[in-house]
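Participant: I have a structure here, written as structure tokens, and I will follow up with some questions on it.
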Amino acid sequence: MNNSSFNYERYFELTPDLVCIAGYDGYFKKINQAVVNTLGYSFEELYASPIFSFIHPEDEKVTSIHRQELIKSNSLHNFENRYITKSGKIIWLAWTSIPSDEDQTIFAIAKEITYKKRLESERNNQLAQLSNRNAEFREINYRTTHDLRSPIQNMQTLLNMIELSDIGNQKNLNLIDLLKKGSENLKEKMNFYIDAVSTNSCPIVKLERIEIEDCLKSVLDSIDNLISSSKIEITADFSSQPYLYINRNYLESIILNLTTNAIKYSKVGSIPYLKIMSKDYPDKTELIFEDKGMGFDMEKVKDKIFGLHQTFHHNENSKGVGLYLVYTHITSLGGNISVESEVDKGAKFTITFNKELR
């Protein structure tokens, strides 16, 4: 045996891939040890039976079609089909084949891709489940926002029916005025979310140049009673960057959730505190919210902190939705958010928007 023949035989036997020579008559003519090891049959069994007897019945037709195309086109790349091993196990193989009309044979090499196909199947199942969950969430959101519209309209009607001239107490007049403003704000929010969930496609998010201070004032006015009763101390400094190119509803939602969280998760016996500031850099803008509340054990919460329905403190008003909404709004706009926190030392949320994403 010359050196070239020796090297060929050595490669044929030592390669981990399945290598075979098959005849146009549908039988194996030569196979390597990897074929035996993978399918579990002996050399004699594999040579004695038609190749199609080892192929999964559901793949016989497509394999036959590709075999005819192979002979016509002179090559076949990455063709995938299933085989049944001697033990009854179903495996996936990916084939590359070249025919030889002169010898009436097909030279083929295959890799087992069963694990890859299993991962693809799991991924597809997860995507299908996610799609179903999204559809369910959309339906729930639609029903919720739609069903709340009537009570809100009814509340506005009742408020408008009140004869303010009959009320002599200025404090009550102020409270009614706040209720009217609050109901109108609630109606605007409700209409926004109804429009968002009523379409089958993703809603177009309007981006505009927003003054952060003005947005903050609007949010604080909408929760004026909560601000007053909690006695929260809020300091704001937007001198570095007074504006953001953002969706106003999203920014108000971010400010609202991080502000109310600073109140909800303040340390017992201490006055809530929140510092909000912007920082401008050549390539990015940061919006920072820093409180002095209960904080998080970052080792325990890790990447769960922005998950839906994830709660980390015993608070009856905690639903695990606020930070999820904050994260969703920010990432949908191409930004990101990071957290620095220690237990009983507060939390610092840094929101970053890259300027090239505008």
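The values are calculated or read from the model by the stated rules, or taken from the named source; none is laboratory data. Remember, it's a predicted structure, so these values are computed and weren't measured experimentally. When we count neighbours, we look across all protein chains shown, and the Cβ atoms used for this are built from the backbone with ideal geometry, even at glycine.
Participant: Just wondering, is there one or more residues in region 122-136 that are touching a strand residue (DSSP E or B) at 6+ places or on another chain (Cβ under 9 Å), surrounded by 10 or more Cβ atoms within 10 Å (Cβ to Cβ) and either modelled with pLDDT of 75 or more or polar (S, T, N, Q) (or both)? Show your work before the answer.
Facilitator: Quick first cut of region 122-136, residues touching a strand residue (DSSP E or B) at 6+ places or on another chain (Cβ under 9 Å) only: none.
No, there is no match, as no residue in region 122-136 is touching a strand residue (DSSP E or B) at 6+ places or on another chain (Cβ under 9 Å), surrounded by 10 or more Cβ atoms within 10 Å (Cβ to Cβ) and either modelled with pLDDT of 75 or more or polar (S, T, N, Q) (or both).
Participant: For residues that are surrounded by 20 or more Cβ atoms within 10 Å (Cβ to Cβ) and of a type outside the set (S, T, Y), scanning just region 264-276, find the one that is farthest from E208 (Cα to Cα).
Facilitator: P272
Participant: Contact list please: Cβ distance under 7 Å, first residue in region 178-193 and over 14 Å from D224 (Cβ atoms), second residue among the basic types (K, R) and at pLDDT below 75, pairs at least six apart or on different chains.
Facilitator: M190/R149
Participant: What number of residues within region 14-37 satisfy the criterion of being touching a residue at least 24 places away in the same chain (Cβ under 8 Å) and surrounded by 19 or more Cβ atoms within 10 Å (Cβ to Cβ)?
Facilitator: The number of residues fulfilling the criteria is 4.
Participant: Could we say that I227 is modelled with pLDDT under 90 and surrounded by 16 or more Cβ atoms within 10 Å (Cβ to Cβ) here?
Facilitator: The answer is yes for I227.
Participant: I'd like the full set of residues that are over 22 Å from L186 (Cβ atoms), surrounded by 15 or more Cβ atoms within 10 Å (Cβ to Cβ) and out of contact with any Asp or Glu (no Cβ under 8 Å at 6 or more places or on another chain), limited to region 235-254.
Facilitator: Correct list: L244 only.
Participant: I'd like the residue in region 76-88 that is outside any strand (DSSP E or B) and in contact (Cβ under 8 Å) with a residue 24 or more places away in the chain and, out of all such residues, is surrounded by the fewest Cβ atoms within 10 Å (Cβ to Cβ).
Facilitator: S87
Participant: A further question follows. I'd like to know if region 112-120 contains one or more residues that are part of a strand (DSSP E or B), charged (D, E, K, R), out of contact with any helix residue (DSSP H, G or I) (no Cβ under 9 Å at 6 or more places or on another chain) and in contact (Cβ under 8 Å) with a residue 60 or more places away in the chain. Steps first, please.
Facilitator: First, pick out the residues of region 112-120 that are part of a strand (DSSP E or B): 112.
Among the residues that remain, those that are also charged (D, E, K, R) are: 112.
Then keep just the ones that are out of contact with any helix residue (DSSP H, G or I) (no Cβ under 9 Å at 6 or more places or on another chain); that gives none.
Taking every residue of region 112-120 in turn, none turns out to be part of a strand (DSSP E or B), charged (D, E, K, R), out of contact with any helix residue (DSSP H, G or I) (no Cβ under 9 Å at 6 or more places or on another chain) and in contact (Cβ under 8 Å) with a residue 60 or more places away in the chain.
Participant: Which of (1) surrounded by 15 or more Cβ atoms within 10 Å (Cβ to Cβ); (2) modelled with pLDDT of 85 or more; (3) out of contact with any Phe, Trp or Tyr (no Cβ under 8 Å at 6 or more places or on another chain); (4) not in a strand (DSSP E or B) does K279 not meet, given it meets every other one?
Facilitator: Failed condition: (4).
Participant: Determine whether I65 is in contact (Cβ under 8 Å) with a residue 24 or more places away in the chain, part of a helix (DSSP H, G or I) and not basic (K, R).
Facilitator: no
Participant: May I pose another question? Whether any residue in region 9-18 is in a helix (DSSP H, G or I), over 44 Å from the mean Cα position of the chain (by Cα) and not charged (D, E, K, R) is what I want to check.
Facilitator: Yes, region 9-18 contains a residue that is in a helix (DSSP H, G or I), over 44 Å from the mean Cα position of the chain (by Cα) and not charged (D, E, K, R).
Participant: Under the condition of being under 30 Å from S239 (Cα atoms) and modelled with pLDDT under 75, which residue from region 187-212 is surrounded by the most Cβ atoms within 10 Å (Cβ to Cβ)?
Facilitator: By that ranking, first place goes to K189.
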